[in-house]
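Here is the structure we will look at, set down as structure tokens.
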Amino acid sequence: MAFKGVCVRHKANHGGGSYTLRYAEGQKRCQVCQIYLIWQTNNYCPCCGNKLRIKLREGELKLRCDEIIRQRKEQITTAITL
Ligand SMILES: [Zn+2]
């Protein structure tokens, strides 16, 4: 009965912010309940126990990877041109 109730209590405000902004504010996403939570205790959903998504770190990592790939491509292109 109170299954969804726990989630709703921690549900993050929509606020119209971007995804990046949501995660930057410490909001976490539960894929099972399909809501954003402000839940600092741990990385698990307080109601369903599913591991919450904190996408900012992944995003940062991906951005860094893309940067490295781009730089390598530039180096290769420069080498071919020369
Ligand atoms: Zn959940």
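Brief remarks follow.
- Looking across segment 21-54, the residues that are surrounded by 16 or more Cβ atoms within 10 Å (Cβ to Cβ) and either of a type in the set (A, V, I, L, M) or modelled with pLDDT under 70 (or both) come down to ARG22, TYR23, ILE35, LEU37, LEU52.
- Test: residue in segment 55-76 that is at pLDDT 65 or above, of a type outside the set (S, T, N, Q) and within 13 Å of the ligand (Cβ to nearest atom): no
The values are calculated or read from the model by the stated rules, or taken from the named source; none is laboratory data. All values derive from a computational prediction rather than experimental measurement. Quick reminder, even Gly has a Cβ in these numbers, built from the backbone with ideal geometry, and neighbours come from all protein chains shown.
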